[in-house]
Each structure stands twice: as C-alpha cells, then as structure tokens.
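**Q** Next up is a structure, given as structure tokens.
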Amino acid sequence: MTTTVHVGLAATVTGGVGASPLRPDGRLKVTGEFAFSSDLWADDMLWGATLRSPHPRARITGLDLGPALRIPGVYAVLTHEDVPGRRLYGLEHVDQPVLAADEVRYQGEPIVVVAADHPETARRAVQAIGITYEVLDPVTDPEAALDDAGAPRVHADRPNLLRHVPIRRGDPHATAAVVVTGEYEVGMQDQAFLGPESGLAVPAEDGGVDLYIATQWLHVDQQQVAACLGLPADKVRLTLAGVGGAFGAREDLSMQVHACLLALHTGRPVKMVYGREESFFGHVHRHPARLRYEHGADADGRLVYVKARILLDGGAYASSSGAVVANAATLGIGPYDVPNVVMDAYGLYTNNPPCGAMRGFGAVQACFAYESQMDKLAAALGLDPVEVRVRNALHTGDRMPTGQLVEGPAPVAELLRLVQAKPPAGQADFPPGGTANTTRGEGVVRGVGYGIGIKNVCFSEGFDDYATARVRLELIAGRPAVLVHTAAAEVGQGLVTVQAQIVRTELGVDQVTIAPADTAVGSAGSSSASRQTYMTGGAVRAACQAIRDRLLTRLEGRAPSHRHTYRKGTLPSSEGGRAGETALRLADGQVFGEDGTVVADIAELLADGAIEETVQWRHRPTFPLDPETGQGDAHVQYAFAAHRATVDVDTELGLVKVVEIVTAQDVGKAVNPAAVTGQIQGGTAQGLGLALMEEIQVVDGKVRNPSFTDYLLPTIMDMPPMTVDVLELADPHSPYGLRGVGEPPTISSTPAVVAAIRAATGAALTRVPVRPEHIVGV
Amino acid sequence: MDFMTPPTWADALAIRAERPDAVPIAGGTDVMVELNFDRRRPGVLLDLTRIGDLTTWAMDGELLRVGAGVSYTRIIEELGDRLPGLAMAARTVGSPQIRNRGTLGGNLGSASPAGDGHPPLLASGAQVELASVRGTRLVPVAEFFTGPKRSVLAPDELIAAVWVRPADGPEQFSKIGTRNAMVIAVSSFSLALHPGRREVGTGIGSAAPTPRRATEAELFAAGQLPWDTLAALEPGVARRFGELVAAAASPIDDVRGTAAYRRHALAVLAQRTLTWAWRDLCG
Ligand SMILES: Cc1cc2nc3c(=O)[nH]c(=O)nc-3n(C[C@H](O)[C@H](O)[C@H](O)COP(=O)(O)OP(=O)(O)OC[C@H]3O[C@@H](n4cnc5c(N)ncnc54)[C@H](O)[C@@H]3O)c2cc1C
C-alpha cells in the first residue's frame, strides 16, 4: 500500500493537527480488550428481549402476555400501552411506534419487550407470548406504491409518497446530438457494523434514567427517549458506550426507549443486546433504488442536459428518507456542469424494511447511475471515459443544478487525471475465485474502470447544525493540562484523537484528556454526514481560541516588558494562523513572542486559576430548496473523490477479483493523515462490497439473508491493495480548510468497480451488487 | 444443558445410547452457530474432543483411516500428498480459525449439501465408519446422505472415521463462491482419476438436495479418455463431460445463486478440472 500525502501545512506541534498520533482505542480493539456497549454490566441487571413481527404487514388480532409473565425470572412484559409518553418516534417525521399497537408494517417490527434475569429466560418469555395476526398483503413495489389511487397506503393517514424533490434548471426541453439512456437498480445494502445494537439503562433515584448507549448522536436520542418516556430531558441522561461501528445505522433509535421503559418499570438496570440476526431487523438500511437517466451531449461530449428520475424505497417508516431523497436529487447528476437539468427524486413508504442513513446517504445510488451513464456516453462518442468526465467536470465558480455556486476548490478534473496517470496495475496475487481453484487463467479478462462522485458535508437545507465543546485548561500537578468535553460520538472514525490534536495545536499543551461523551454538555450533532471533524473539531478549536484569548489577557497583568497588544481575531484562516493578530504563539507549554523567545510559561499564567470555555459552533447557514424548482443554497460544502478500479474477471464463471484500486480525494486538510487514509480505505471497501456482494435480499417484504453467512462483506482476499492520493486544497470556510472525508470514498468506488467489469466483459450490468449470473448472462 | 466430556470412545458411545437428547460436538463450528441462532436446544452437549483416537489417521492395509476428529488444517498439512482432492477442498473451508477447529466428521455430521468435504470423498469412493454400542458399520459415502442435512446416521451412532484409498491418480476440487474467501459454496465439483482402474470419480456439491456423484459423466469420461495413448484430451470430451455433470445436478434458486447459474458453473468446473487432471496425468 502506498500513500502519498501532499502536506499543505507543516505540522508544528507533536501530535497536533497534521500529525498521526496513535489512536487510544486502536490497540485495545486489536487485542480484543476494548469495552463495547455489548460488554456493559451492572451487578443486579436484567436482560431485555424483543418480540418482533414475522410479517411485513399484519393486524395484531390477539395478544396474550400471561404465558410470558408466568415464567420464573421474568420481571416485565411491556406493550405500547406501557409507553408513558409519546408512543411514536422518528428523526424527521414522528411516525414510528415505540412498540406496535394494532398494525405491524415491516418484518421485525417490535411489539413487546420483556425483561428477565437471564438473557435465555428473556428469549423464552418472548417465545411464550401468545400473539395472533391477520396477515395483510404487503406493499412491496415502490413503483406501485407511488400510485396513491392504486396501491394500499402503508400508513392510513398519509399517501405513500414520503417526499418528492424536483430540480429544474435551464431549459427542460433542451435537445442534444448524442443521447444515452439507462435504467439502473441498486440493492439494499446494510451498514453491517460489527457491534450489534446494545445498551444499558439504569434507573436513577430522581425518577429518571441513565442510558449507556452506542449511538451516533446522543442528544437526538435523548430528545426522542425523553419524549417517549414522558420525562423532561434532564431526567434522561445518556453516556456514550463503546461503539462497534455505525455507518448511519445508529442514527435512529433501536433499543433505547425499550431498555429505559423496562428499567423504569422494574427499578433494575436493564441491558439489551441484539444478536446478529436481530441486528439485521434492528436498524435501517441503505435505500434500494431504481434510477432512470437520460443524458444529452453535443458532438464533443459536452453535456447539454440530464433528465433523471430516482425512486428510493424508504420502507415502513420515514427515518431520514426525506434528507436522503434531497441528497439523491441535489447530487444526482454528479460533479458535472450541466446547463439543463430535470430531476425528480421520490422517497416512498412500503412494507419493506425501513431505510435511512448509510454512509453516502443518497449520493451512492445516484452515483452508480450517473457514472454508468458517463461511460455509456463515452462509448457512444468514442471517447475515453476519463476524457468525457473531464470535459464536463465541475469547477470552482460553476453552479450546481440547485443554482448553488460552487465555492472553494472543486478539483474534479484533477482527481480524475491523478488516478488515470497512475501506472497500470500489475499481476494479481491470485485469480478470480481466490483459493477455490476455479481457473488457471481460463476465461480471465482484465478490465479498468473509473468513477468520480460528489458528496455534501454537514447537514443541509437550512438545518440548524451546530456542535458544542467545553474545553478546560488547568494545572494538574503543576503542569498545564486540557480536558475536552463534548457529546460527539466516537464511532471508530478517530474523533477523540482529532480533538486532542486540535487542542495541542491551538493551546500548545501536550497533555489532553477527552472526557467521555455524554449529555451533560450540549449537543455535538451527529457523527454522520462526514461532519464531525468539521463541526466538533470546529467547536473544540473555537473553544481553544477563546481560552487562548483569556490566557493571553492574563499576560497583560504581568510585567510591563511582557505586555503585548492582543487583538481578538475573527476566524478562520485556512492556514491555521490568524492574520492581523499578535504573533504570540502557544507551544510546548509556553507562550512564545514574535522573535521566538519565551514570553511566559502557560503554567505560570494558570496560577490565577483554570480557564474554561464552552462554545456552540455553527457552520455557515444553508437554505431550504424551493419545493417546485429545487433551487437553493442547500449544502455547506462539497467533497470529491475519484477511483480507478482494475479487475480480473473470469468471464465464463462470472467471478471477479479486484486487482487494484487507485483513488484520489481532496480532503482540504488531512488533520490526521493516518485516519484519513483509513477512512478512504474503509469507505472504498464498503463501495466495493456494494458493487460485488453486499445486499439484503428482500422478497415479498421478507429478509432472506439476515446473517453474515449470506450477507457477504468483502474480506481481505476481496479488497485489493490501494494507492491513495490525498489532496489538501483548503476550503476557506472550514476549520483548517478541512473537508469531510468519510463518505466520498464509498460513493465512487462502486461505479468504478462495475465499469471495470463491464470493460472486461462487455456485459451491461445495470444493477448492483453484480452477481456472477449477471456477468455470464445465464 | 449438560456438557459431557467422555474420555474414551466407549464412554461416548454409551452416553450417545443413553441420552437421545445428546448432540455431539467436535470443532463446534456448526453446533455453536446453531445454538447461537437458537435453532437447537440440546439437553446434552457431548464433547468428543477428549477422545484421542478420533483425531488420528493411519494406513490400514491399502486404505487410509482418517479419524472423524481430524481438522481441516491437519488434512492440508498431513494428508495433502495422499488425499490431494480432499486437501484442496479443505483449503477452501472458511478461514484459518475455522480450518483449525472444523473437522471432517463434523462436516459429515451436519450433512449439508454444501459441505466442502463431501465431493472429494464421493470422487474417491470413500466409506464412512459409523459406530454405536450395537457395533460398527461401513457406509459408502454415496449412500450416507439422505437429504438436505440428513444422513443414515442413527440416533445412537457416532461417526468414527472415514476410510479412503489414497489417490492413485490426479485429483481436483473447485468451488464457486461469491467472494474470494470465507464463503459457502454456490456449487462445487470434485474429480478423481483412477488410471489403474481406468475409472473416473466425481462429486457435486451445493447443487442438489445432497452431495452426489455424476455417474453418467464418470462412465462417459472413463470410456472416452485415451488411457492407452495418454493423448491430449479432445475438447469435445471435456465439454460433453461438463454437460453430463451439469445434467446430474438438480440445483435450486436460493440466496446464494440461481439454479441456472449453478448448472452452468458446474459444466465449466467439470470441463476445466478434467482438462487439468488429464494434463497432470500425462505429465
Ligand atoms: C465462519 C464459518 C465458515 C465455514 N465455512 C465452511 C466452508 O467453507 N465449507 C464447509 O464445508 N463448511 C464450512 N463451515 C461449516 C463447518 O465449519 C464445517 O461443517 C465443519 O466441518 C464442521 O466441523 P466441526 O468439527 O466444527 O463440527 P461440529 O460443529 O462440532 O458438529 C457438526 C455436526 O456434526 C455432528 N458431529 C460432529 N462430530 C460427530 C461425530 N464424530 N459423530 C456424529 N456426529 C458428529 C454434530 O452433532 C453436529 O451436528 C463454516 C462454519 C463457519 C462458522
């Protein structure tokens, strides 16, 4: 593996911004000692378990809890009637029952929760519950669901159309010399985090509850849990427990309310841990999509128009479908400059498993389609696939189909050229089929494909997106030390490391402690939308700068020779320094003057007491989309990544070995280069998984493969070596110029892999994941 | 649930006879999955790992007796020369951890149509030694399986060993999976050439309710291969062999693949493995 990092800003502090200090959880995770939420323990705790619907759509006609209650060791058996507060929850629409009342709308929907003194007893109690259903025909075809007159409604009180985002730019009737059309399909991918949904709810003496939980956003959980429990927010306190991966699947509630209900009901701590199979029913998935595209270009391959229709199957409840639809629409033609756009994206209710957030969030599905289209266009014109992309590449100063001006760097052409210029891949370590001895070269053909994608960073459409950080600089054993307290969820991305790096750079103090994330401090927003380094990083930085200001004011009370005029500057500048301010610098626990001499010890200045600052930090505002035209400055920042995939395909068996992946991504500023590379590798692997194997197979509303036996994730034998090129083109609006990193790699690796298989086989491949039978055409 | 660890084979057989609710456990790589998924709640787990005899192998006359408790890793490391087809199959099983724990006896005990150990045992005409307090019997592998995850193993019997003739000619095993490692076979195929007897053995995996031979294909190849001249294989023979193997399967559509694809893949694998084996034989 080679990694080239173009460092724009020299790392000045050990372990500061731009360095790659080791993450504190790394060793523990590798050795199996890290405490995940499923390891939580309280001595007198009970175990929760959940009765779920086996049917995608049914009316509950009878419920007999008696047999469960009679089992010794069972302490509580609760239904919707035991929910003291709001009986529904939801991120965007409050439409999902905490426990189903009379109708179930998807397979796996929770109906009853049980607490018992042993997990096995709890499971047996669940099985003992008597329940009868009147099974109804599920609504499973999103296309049919769209027809409000024809299809039954999933929710009686509203149409199945959850959201429609139209975008109209330029002339809707534009015509072009070369036209390519295509219909594409994306299967239901799962986040497949390794640490299943789990948490521990502990009843408190004040009538409230303390919940230790693996989640992506403590405060949005807190709000929802408190509402459902009918408690004020301050009686529902959440602390982040060890998170075993998230990828969007922990944005919605799973067992949070259930565990709290059981704990408050029994007066005992209650632990809930989903098993692997249950986990497949316990969280939302990536929206399956059907996409229809028409691209029109002039004879030189310049796009004249794009018309697209995207149908996203939201499943039984809204979750974050609305925002996913908006993303698919606004990012749906890709990082290209297109004068005329007619885009319609729809999200629908069906009785399929609920879908919501997953890494890439609507941009993934669209990218597979528009990049497939760009290849089709290249073929129609006899152009190189990179060339046709470069000719249409978005640049700074161009406008998105929403009319939003692309500010800051947009190195679309540059990223494409970078991956294209890499030397061709060498020999594969082994042929397609791995060690399974399927070929000695027979039928094996090589192919190369490209993909580029675009993603918005942070929350969009006028959402009040902020993060809070409390930072305290104090003396510990005579030495300056910093404590950072936020509610930001470390989900494995390395945020705790990054927070400490920012503190070291801003305050020049080496010793930084990151307090456990909890709701005792203000919201950090979600660890999603590639936003947390930007947002919580931004908040920590702002808090540090406020502390720095106060610290330096203390200088003024000191010896006259050390007096400096200190101007409070406005933030930020991409280079980390602040023009027009004092040249005083904090490093190595000291304050340095302009001439490099030590002006004061930080410790000395802290003799007057600790300095603490709590800052609520916002990115610049975004605005809603016009409901008719889809025009509006909806996004904060755009991020781009390009991939080149090289594959060997056994064309007779349809087996694929990805030989190499080359990628280039602009990250603005690599705050932690090792973590950035990790995100790019992991994201790319997840995109490869969607291209080749990852799919929850749903038939008639039922999941056929809820296990890691049949929901296949790429292994180390499937992931090839990668060449990672990281560009650092600073965004003038973001802290340190950084750009969100986590999602872009997932977006463009999928189309690149599929394009490579097409290049090797000539097969049309309009659906992901590509299956062997699609390649061989049987 | 009781956990019993008999130190000797006789003790194990006695428990097996007395406790119909006992489930034998060897490597546990199937049993523990079933327990975790709550598909099984045995009254007793009968741990066979303490029984030394079960984990040995030895030549007995012309035949090799491989104890039921021999792991895949040991098959690869210790029996790769004598049972190359089985060793090739063992290499495709799960991950290193699974190969360290998983056993051939456990594979037979589960009797999954997708068990990778089965096709090579079919191709080399192995026999399964079944034991109980009533005595011992030998069952040809081709008669061992009676349906998906079902076999002739009686409730009081344990699998003692597999008896198999060491390879007397080239052997091959190929397996299709939708990823490059750690995957249950979509379909698999095993081939053994027996030049001395001028016979061909086959085994099909994951493409019928049980692992099965492709008898017609075996007879066809045995009759068509130029055993005397060791001349190059006619492409038409390999192709026809592939067609006959595919015809012997009765695959289904499931989450792992379609019936049509399984048949197609089997034809390709059979054709390729016959080509390789013949080339290996001719040197
Ligand atoms: C991650 C993973 C990957 C896997 N990959 C593969 C694969 O690629 N190919 C494949 O074929 N299998 C695979 N398996 C399945 C499993 O590893 C094999 O079937 C293995 O051979 C089982 O052996 P074991 O010793 O672990 O059996 P156990 O789990 O101990 O037992 C399996 C069954 O056999 C019975 N049994 C065991 N020993 C005896 C005996 N002596 N007499 C009678 N009954 C007995 C048990 O009661 C049980 O019913 C995989 C399993 C896992 C968990």
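**Q** Based on the Cα coordinates of segment A:225-363, what is the per residue volume of their convex hull in Å³?
**A** Normalising the Cα hull of segment A:225-363 by residue number yields 156 Å³.
**Q** Can you give me the long-range amide H partners of residue A:53? Hydrogens built in the peptide plane at 1.01 Å from N, cutoff under 5 Å, separation of 5 or more residues or another chain.
**A** A:108, A:109, A:111
**Q** Which of A:615, A:106, A:261 sits closest to the plus end of the dipole of chain A, meaning its Cα is farthest towards the positive end, when Lys and Arg get +1 and Asp and Glu get -1 on the C-beta?
**A** It is A:615.
**Q** Still on this model: Can you classify segment A:384-499 as rounded, prolate or oblate using the Cα gyration tensor, where a ≥ b ≥ c are the square roots of its eigenvalues, rounded means a/c under 1.5, and otherwise it's prolate if a/b beats b/c and oblate if not?
**A** Verdict is oblate for segment A:384-499.
**Q** Shifting gears a bit: Once you place label points 7 Å from the Cα toward the Cβ at residue A:41 and residue A:70, how far apart are they in nm?
**A** The two pseudo-label positions are separated by 3.5 nm.
**Q** Using per-residue counts of other Cβ atoms within 10 Å, averaged over each peptide, order B:191-204, A:700-713, A:211-224 from highest down.
**A** Peptide ranking by packing, descending: A:211-224, B:191-204, A:700-713.
**Q** Rounded to whole Hz and in sequence order, give me ³J(HN,Hα) for segment A:257-268 from the Karplus expression 6.51 cos²θ - 1.76 cosθ + 1.60, θ = phi - 60°, writing x for Gly and Pro.
**A** Here the 3J(HN,Hα) series is 5, 4, 5, 5, 4, 5, 5, 5, 6, 8, x, 10 Hz.
**Q** Just going by the charge dipole of chain B, with Lys and Arg at +1 and Asp and Glu at -1 on Cβ, which of B:56, B:68, B:121 is farthest out on the positive end?
**A** B:121
**Q** Ignoring everything except DSSP H segments at least 4 long, calculate the 222 nm mean residue ellipticity for the protein assembly as shown; use -39,500 (n - 2.57) per segment, divide by total residues, nearest 500.
**A** Helix contribution divided over all residues of the protein assembly as shown: -8000 deg cm²/dmol.
**Q** Given H placed on each backbone N at 1.01 Å, which residues far from residue A:508 in sequence or on other chains put an amide H within less than 5 Å of it?
**A** Correct list: empty.
**Q** If you average 1/r over all unlike Cα pairs in segment B:171-282 and invert the result, what Kirkwood radius do you get in angstrom?
**A** 14.0
**Q** Chains A and B: what accessible area do they bury, summed, in square angstrom to the nearest 100, with a 1.4 Å probe?
**A** Using a 1.4 Å probe, the pair buries roughly 3000 Å².
**Q** Something else: Rank B:276, B:230, B:210 by how far each Cα sits towards the positive end of the charge dipole of segment B:171-282 (+1 on Lys, Arg Cβ; -1 on Asp, Glu Cβ) and give me just the farthest.
**A** In segment B:171-282, that residue is B:210.
**Q** Moving to a separate point now. Relative contact order for chain B: what percent, with Cα pairs under 8 Å and sequence separation of 6 or more?
**A** 16
**Q** Averaged across the residues of B:262-269, what count of C-beta atoms belonging to other chains lies within 10 Å of each residue's C-beta?
**A** Shielding by partners across B:262-269 averages 5.
**Q** Return the Rg/Rh ratio of the protein assembly as shown with Cα-based radii and a Kirkwood Rh.
**A** So for the protein assembly as shown, dividing Rg by the Kirkwood Rh gives 1.00.
**Q** Continuing with this model, one more query. Over the whole of B:270-280, what's the average partner chain Cβ count within 10 Å per residue? Rounded to a whole number, please.
**A** 2
**Q** Only four residue types carry charge here, +1 at the Cβ of Lys and Arg and -1 at the Cβ of Asp and Glu. Report the dipole size of segment B:171-282 about the Cα centre in Debye, rounded to the nearest 20.
**A** Dipole size: approximately 260 debye.
**Q** Applying 1/(1 + (r/R0)^6) with R0 = 25 Å to the Cβ-Cβ distance of residue A:161 and residue A:101, what FRET efficiency is obtained, to the nearest 0.05?
**A** So the FRET efficiency works out to roughly 0.55.
**Q** If you filter segment B:5-76 for GluC sites (Glu not before Pro), then keep DSSP loop positions with at most 10 other Cβ within 10 Å, what is left?
**A** Of the GluC sites (Glu not before Pro), the ones in loops of segment B:5-76 whose Cβ has at most 10 other Cβ atoms within 10 Å are B:62.
**Q** Test of the criteria: in segment A:172-250, which GluC sites (Glu not before Pro) are in a DSSP loop and have at most 11 other Cβ atoms within 10 angstrom of their Cβ?
**A** A:205
**Q** Please state the charge dipole magnitude for segment B:138-190, taken about the Cα centre, from unit charges on C-beta atoms (+1 on K and R, -1 on D and E), reported in debye and rounded to the nearest 20.
**A** Around 320 debye, computed over segment B:138-190.
**Q** Still on this structure: Going highest first, how would you order A:759-770, A:503-514, A:305-316, B:6-17 by mean Cβ packing within 10 Å?
**A** Averaged packing, sorted descending, gives the order A:305-316, A:503-514, A:759-770, B:6-17.
**Q** Now for a separate question. Sort A:595-607, B:253-265 by the packing proxy (mean of other Cβ within 10 Å over each peptide's residues), most packed first.
**A** Sorting A:595-607, B:253-265 by mean packing, highest first, produces B:253-265, A:595-607.
**Q** Let me ask another. Going through the cross-link list A:422/B:175; A:307/A:376; A:422/A:657; A:376/A:455, which pairs have a Cα-Cα distance over 24 Å in this structure?
**A** Violating the 24 Å limit, Cα to Cα: A:422/B:175.
**Q** Now for a different question. Using 7 Å Cα-to-Cβ label points, what is the residue A:623/residue B:216 separation (nm, one decimal)?
**A** Inter-label distance under the simple model: 7.3 nm.
**Q** Could I ask something else about it? Given the Cα-Cα distance of residue A:117 and residue A:597 and 0.36 nm per residue of separation, how much length would full extension add, in nm?
**A** Value of the extension gain: 166.3 nm.
**Q** Could you run the Karplus curve 6.51 cos²θ - 1.76 cosθ + 1.60 with θ = phi - 60° over segment A:148-159 and give me ³J(HN,Hα) per residue in whole Hz, x for Gly and Pro?
**A** Listing the rounded values in order: 5, 6, x, 9, x, 8, 5, 10, 3, 8, 7, x Hz.
**Q** Amide H neighbours of residue A:626 under 5 Å, at least 5 residues apart or on other chains, H built in the peptide plane: list them.
**A** A:631, A:632
**Q** To the nearest 20 debye, what charge dipole does the protein assembly as shown have about its Cα centre, counting +1 at the Cβ of each Lys and Arg and -1 at the Cβ of each Asp and Glu?
**A** With only Lys, Arg, Asp and Glu charged at Cβ, the dipole is about 860 debye.
**Q** First obtain the Kirkwood hydrodynamic radius of segment A:635-746 from its Cα pairs, then insert it into the Stokes-Einstein equation at 4 °C and 1.567 mPa s, and state the resulting D in µm² per second as a whole number.
**A** Value of D from the Cα-based Kirkwood radius: 82 µm²/s.
**Q** Quote the FRET efficiency, to the nearest 0.05, computed for residue A:147 versus residue A:396 with a Förster distance R0 of 41 Å and r equal to the Cβ-Cβ distance.
**A** 0.45
**Q** Just to be sure I understand the interface: list residues from segment A:417-435 that lose 40 Å² or more of accessible area between the chain on its own and the complete protein assembly, 1.4 Å probe.
**A** A:435
**Q** OK, next. Using the Karplus curve 6.51 cos²θ - 1.76 cosθ + 1.60 with θ = phi - 60°, work out ³J(HN,Hα) for each residue of segment A:174-180 in order, rounded to whole Hz, and write x for Gly and Pro.
**A** 4, 10, 8, 6, 10, 10, 10
The values are calculated or read from the model by the stated rules, or taken from the named source; none is laboratory data. Model, not experiment: these values are computed from the prediction. We place every Cβ from the backbone using ideal geometry, glycine too, and count neighbours over all the protein chains shown. Heavy atoms of the whole protein, side chains included, go into the accessibility calculation; ligands, DNA and RNA do not. Shrake-Rupley method; radii C 1.70, N 1.55, O 1.52, S 1.80 Å.
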